[in-house]
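A.B. asks: I have a structure I would like to understand better, so I am pasting it below and will then ask my questions one at a time.
Computed from the coordinates by the stated procedures, all read-outs in this text should not be read as laboratory data. Given the structure is predicted, the values throughout are model-derived calculations rather than measurements. All Cβ positions, even for glycine, are placed from backbone atoms using ideal geometry, and neighbour counts span all protein chains on display.
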Amino acid sequence: MYSRKIDNYWSFKTADTKEFTHCYHNYPAMMIPQVARQLFEDYAPKGKLELVLDPYVGSGTTLVESSIKGIKSIGTDLNPLARFMSKVKNTHFNIDLINDGIAAIITGIIIYNPAEVINTDFTRISNYLFWYKEQDLYKLSYLNQLISELNPLIQDFFLLCLSETVREVSFTRNGEFKRYKMSEKQLEKFNPDVFNIFERKVQRNIKGLEAFNTTGTENLASVYDFNTSNGIPSEVIEKDSVDMVITSPPYGDSHTTVAYGQFSRWANEWFGFDNAKIIDRLLMGGVISKEIKFSTNSINSELENIKKLDEKRFYEVVSFLNDYWDSIKNVAKVVRKGGRACYVVGNRRVKNIQINLDYFTAEMFEKCGFRHEITIIREIPNKRMPSKNSPTNKIGEKVTTMNNEYIVIMTKL
């Protein structure tokens, strides 16, 4: 099949994964910066390295690491929160302006009066009184108000801090990506200090910004919202122009694997971002299809076994793989000859059957004129993922999900 090697070095168990602007905002299944950094070090393509692509930009890890190295990068994502995070994390904000903004916000907090809150219409937020205390909604809105009065050049820096605060002061359970409310017992003790939480986010992020600003001042990353499964606009990326792809695609559809949309919905609704309530349906595998667009030898038997057990789940998996295959075809077209594609994937279980997405990824890229070099297996000590799920959807029946990642390295011939 496709050769794999276990390399414990790539686990980076003791590494600081929150360096630079990587500390800014939590996000599901974040690729740690050390993986992207080491891929640049060990697998940069021969010749030039001037343009990097991340077709599933997520939290923006690849783009930040590209910026630190002084390389231009392009990322795209259908989730508006992911795009916003990536944009902010790759911006060299002026520290003096940021400090002026902090001073103005602290002054505003000191004189806070609920009667001074301008926007008290929270109907854009689903069941807002189910998820928040009314007093906390007022404080969040007041912070939004203070930020809107700052210099427009720095507002996004503070809005990203507010984004994380919005979720943290809600009644959602800690450690969950999905929207699960705390228990009554937990709610009795829950009394978040909205202003203090926000201020802590700001202080944490300014340290990251100061470190990031030492790496340069040019904004090298560009973030877009096109869907690579549908195509890549030639006016954004020309054919055969990308030197290196470094990415961590979803491991499956958001309904059954990692709930990107549910996690992001807090901020997406708060800021009125487009499609806030339907993100998971827009992502890969979000629309179920009974057409099979690909042919595979690498995971064919696994798919057949899933189909025998549960035809509905089979078509959910197929729908994701259809979109993934379409995306790979489009990504392959923009990579130059000799360019590299590095995909960090996880092998999920469906109906307790493991789907070797690393094999499928290598196989699909081979169909597009690539050669598989090696697949590196690394442990996941730091990646925030649900450690167990229910493959049968029966209450109490859970199995361990992904403890390893597979870094698939491919070269375009």
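A.B. asks: Could you check how many residues of the stretch 287-332 are assigned to a helix (DSSP H, G or I) and either within 27 Å of residue 242 (Cα to Cα) or not small (Gly, Ala, Ser) (or both)?
C.D. replies: Keep residues of the stretch 287-332 that are assigned to a helix (DSSP H, G or I), which gives 300-309, 311-332.
Pick out the ones that are also either within 27 Å of residue 242 (Cα to Cα) or not small (Gly, Ala, Ser) (or both) and you get 300, 302-309, 311-318, 320-332.
Within the stretch 287-332, residues that are assigned to a helix (DSSP H, G or I) and either within 27 Å of residue 242 (Cα to Cα) or not small (Gly, Ala, Ser) (or both) number 30.
A.B. asks: Failed condition for residue 293, given (1) surrounded by fewer than 19 Cβ atoms within 10 Å (Cβ to Cβ); (2) within 27 Å of residue 35 (Cβ to Cβ); (3) touching an Asp or Glu at 6+ places or on another chain (Cβ under 9 Å); (4) without any contact (Cβ under 8 Å) to a residue 60 or more places away in the chain, with all others met?
C.D. replies: (2)
A.B. asks: Oh, and also: Scan the stretch 1-45 for residues that are within 26 Å of residue 371 (Cβ to Cβ) and assigned to a loop (DSSP other than H, G, I, E, B) and report the count.
C.D. replies: Total satisfying the criteria: 7.
A.B. asks: Which of the residues spanning the stretch 317-339 are surrounded by fewer than 22 Cβ atoms within 10 Å (Cβ to Cβ) and acidic (Asp, Glu)?
C.D. replies: Listed by number, the list holds a single entry, 326.
A.B. asks: Conditions first: (1) more than 27 Å from residue 14 (Cβ to Cβ); (2) hydrophobic (A, V, I, L, M, F, W, C); (3) surrounded by 22 or more Cβ atoms within 10 Å (Cβ to Cβ). Residue 309 passes all but one, so which condition is the exception?
C.D. replies: Unmet condition: (3).
A.B. asks: Here's a follow-up. Given (1) within 23 Å of the chain's Cα centre (by Cα); (2) surrounded by fewer than 12 Cβ atoms within 10 Å (Cβ to Cβ), identify the lone condition not met by residue 171.
C.D. replies: (2)
Okay, residues lined up against (1) more than 25 Å from residue 152 (Cβ to Cβ); (2) out of contact with any Lys or Arg (no Cβ under 6 Å at 6 or more places or on another chain); (3) touching a residue at least 40 places away in the same chain (Cβ under 8 Å):
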{"position": "64", "(1), (2), (3)": "no, no, yes"}
{"position": "73", "(1), (2), (3)": "no, yes, yes"}
{"position": "86", "(1), (2), (3)": "no, yes, yes"}
{"position": "93", "(1), (2), (3)": "no, yes, yes"}
{"position": "96", "(1), (2), (3)": "no, yes, no"}
{"position": "106", "(1), (2), (3)": "no, yes, yes"}
{"position": "110", "(1), (2), (3)": "no, yes, no"}
{"position": "113", "(1), (2), (3)": "yes, yes, no"}
{"position": "125", "(1), (2), (3)": "no, yes, yes"}
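A.B. asks: Moving on. Just the residues that are over 20 Å from residue 28 (Cα atoms) and either assigned to a loop (DSSP other than H, G, I, E, B) or in contact with a helix residue (DSSP H, G or I) (Cβ under 8 Å, 6 or more places away or on another chain) (or both), please, taken from the stretch 167-201.
C.D. replies: First pass over the stretch 167-201, keeping only residues over 20 Å from residue 28 (Cα atoms): 183-200.
Result: 183, 190, 191, 192, 193, 194, 195, 197, 198, 199.
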